[in-house]
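Have a look at the structure below, then the notes.
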Amino acid sequence: MRVLIADDSRVMRKLILKSLKENGFSIEDCVEAENGEDAWSKIQAAPFDLAILDIHMPRLNGEALLTRVRAEPSHRDLPIVIVSSESSAARLESLLDQRAGFIHKPWTDEDFHTQVQRALDPRRDRR
Amino acid sequence: MTAADDSLNAAARECLGRLFDLFPTGASPATADIPWERGVIVGFHGDKTGHFRLDFYGGAHGDLVARWVGGPVEAVDGNDVAGELANILCCHVLPNLFTARALFRVESPRAHNAPPTEGAAPLAVTRVAMPTGWIEARVMVDPA
């Protein structure tokens, strides 16, 4: 799986990658971005199987990037999971509307795995 | 210790458990002659306005960095780690201290280069003994 991890914190990028591996996801290629514009450039440059985005990033935040991706026909089906320590019902509703998963920091392995798996296979919950 | 202190302490312990598999059970240390390492402040706005402050003492910071990244402390930016931890703790404790429905916007963490001083009373403060050193978390709320 080719994955994009966008977070302005290098430590968090390392931890997200570590959690992906520890939760059994096969990562063949991991590309990192430290802000939203950088992430958008990388999404446009080559396809990804999964993108994990922090909400608070300089230049373009995760929610704005999500909206941009969903509005672009060639990328609109990219599985996306948003990671944040902030959570609110309104935010979760907005993310669900845009077909994005949400991982709340600090996450548990179970939460992490469920959200990533759901993003990768959104039909699973409807079976 | 107030109910708010207890709530803050419980939230901090829960976060440490999830992040580091650390479940400190020792008594919170009294103010002791343990050297201060660094502090981080996260401002918050919303139903209440104020800031969350996290301070590291006696080697706690280096120990937590090593546990978190699983590698040498020198390989990462210490302020990055301290800031992320403060951000996570702040967002975790605010709903516990106020209500789950309260809405907050948090600022980016900023390092603080001096230990906390006695001043306005915090809404909540707690110390948690770590395998190495200890951490102190406090929540300050601006007057309405």
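Please treat every number below as a calculation from the coordinates, not as lab data. From a predicted model like this one, the values you see are computed outputs, not experimental measurements. Glycine gets a Cβ as well: all are built from the backbone with ideal geometry, and neighbour counts include every protein chain shown.
For A:LYS21, the lysines whose Cα comes closer than 25 Å to its Cα, not counting residues fewer than 8 places off in the same chain, are A:LYS42, A:LYS105. Cβ-to-Cβ counts within 10 Å put B:GLU118, A:GLU37, A:GLU22, B:GLU84 in ascending order as B:GLU118, A:GLU22, A:GLU37, B:GLU84, the fewest first. Hey, could you get me the Stokes-Einstein D for the protein assembly as shown, Kirkwood radius over alpha-carbon pairs, 10 °C and 1.306 mPa s, rounded to whole µm² s⁻¹? D, rounded to a whole number, is 82 µm²/s.
Determine, for B:VAL81, B:VAL69, the number of other Cβ atoms within 10 Å of each Cβ, and report the residues in order from fewest to most. Each step should come with its number before you reach the end.
Working: B:VAL81 23, B:VAL69 18.
With the sparsest Cβ surroundings first, the list reads B:VAL69, B:VAL81.
Model label points for A:ASP109 and A:LEU96, set 7 angstrom from Cα along the Cα-to-Cβ axis, are 2.8 nm apart.
Relative contact order (percent) for chain A, with alpha-carbon contacts under 8 angstrom and 6 or more residues of separation?
Details: 201 pairs, mean separation 28.3, N = 127.
Relative contact order comes out at 22 percent.
Taken over chain B, the convex hull of the Cα atoms encloses 109 Å³ per residue. Note on A:ASP77 and B:GLU118: the model spin-label points, each 7 Å out from Cα along the C-beta direction, lie 6.7 nm apart. In plain terms, the C-alpha convex hull of chain A casts an average shadow of 7.3 nm² when viewed from every direction.
Along the Cα-to-C-beta direction of B:SER108, a point sits 7 Å from the Cα; which residues of the range A:33-48 have their amide N less than 17 Å from that point? Within reach of a label on B:SER108, which here means backbone N under 17 Å from a point 7 Å along Cα→Cβ, the range A:33-48 contributes A:33-39. Only helical runs count toward this figure. For chain B, summing -39,500 (n - 2.57) over DSSP H runs of n ≥ 4 and dividing by all residues gives -11000 deg cm²/dmol at 222 nm. Counting every other Cβ atom within 10 Å of each residue's Cβ, B:CYS90, B:CYS15, A:CYS30 order from fewest to most as A:CYS30, B:CYS15, B:CYS90.
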